[in-house]
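Data block below; observations after.
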Amino acid sequence: MSRRVVVPALFAAVASGVAYALMRLRRGGRPPGRADAADGPAEQQRYRCECGQEFLVSGAGRHRVYWLPDASPSDPLLSAECPRCERPLPRDPQPAGAPAG
């Protein structure tokens, strides 16, 4: 092949590789068309402590996260206790009608 064909083809291949890498970096490294938890609201449940304090809950087990109902999504509770009565918050999902604790 002549140099007139190889050099532009090589340049186009490198440019498309760089464009693909930049696109992946901008999307957080996941493949195009694939959604993750950051794309939309996570499935949230509600929990009510025995003292009456309500929480929004997301996740399961040790990855369970609690928020006060009026808190920002970026402001979860940092402790594993109810801020009102200091009872431990459950780590396993509770059935909808089950009593807390």
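The values are calculated or read from the model by the stated rules, or taken from the named source; none is laboratory data. All values reported here derive from a predicted model rather than from experimental measurement. Virtual Cβ from ideal backbone geometry, glycine too; neighbours counted across all protein chains shown.
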Quick check: is even one residue across the range 25-41 over 14 Å from the mean Cα position of the chain (by Cα), modelled with pLDDT of 85 or more and at negative phi?
no
Of the residues in the range 56-79 that are part of a loop (DSSP other than H, G, I, E, B) and more than 16 Å from residue 46 (Cα to Cα), the one that is farthest from the chain's Cα centre (by Cα) is 79
Residue ID - surrounded by the fewest Cβ atoms within 10 Å (Cβ to Cβ), chosen from residues in the range 42-52 that are in a loop (DSSP other than H, G, I, E, B) and modelled with pLDDT of 75 or more
52
Under 7 Å between Cβ atoms, at least 6 apart or on separate chains: pull out the pairs that start in the range 55-66 with a residue that is farther than 15 Å from residue 81 by Cβ and not assigned by TED's automatic domain parsing to the domain that holds residue 90 and end on any residue that is in a strand (DSSP E or B) and charged (D, E, K, R).
none
Of 70, 92, which residue is of a type in the set (Asp, Glu) and modelled with pLDDT under 90?
92
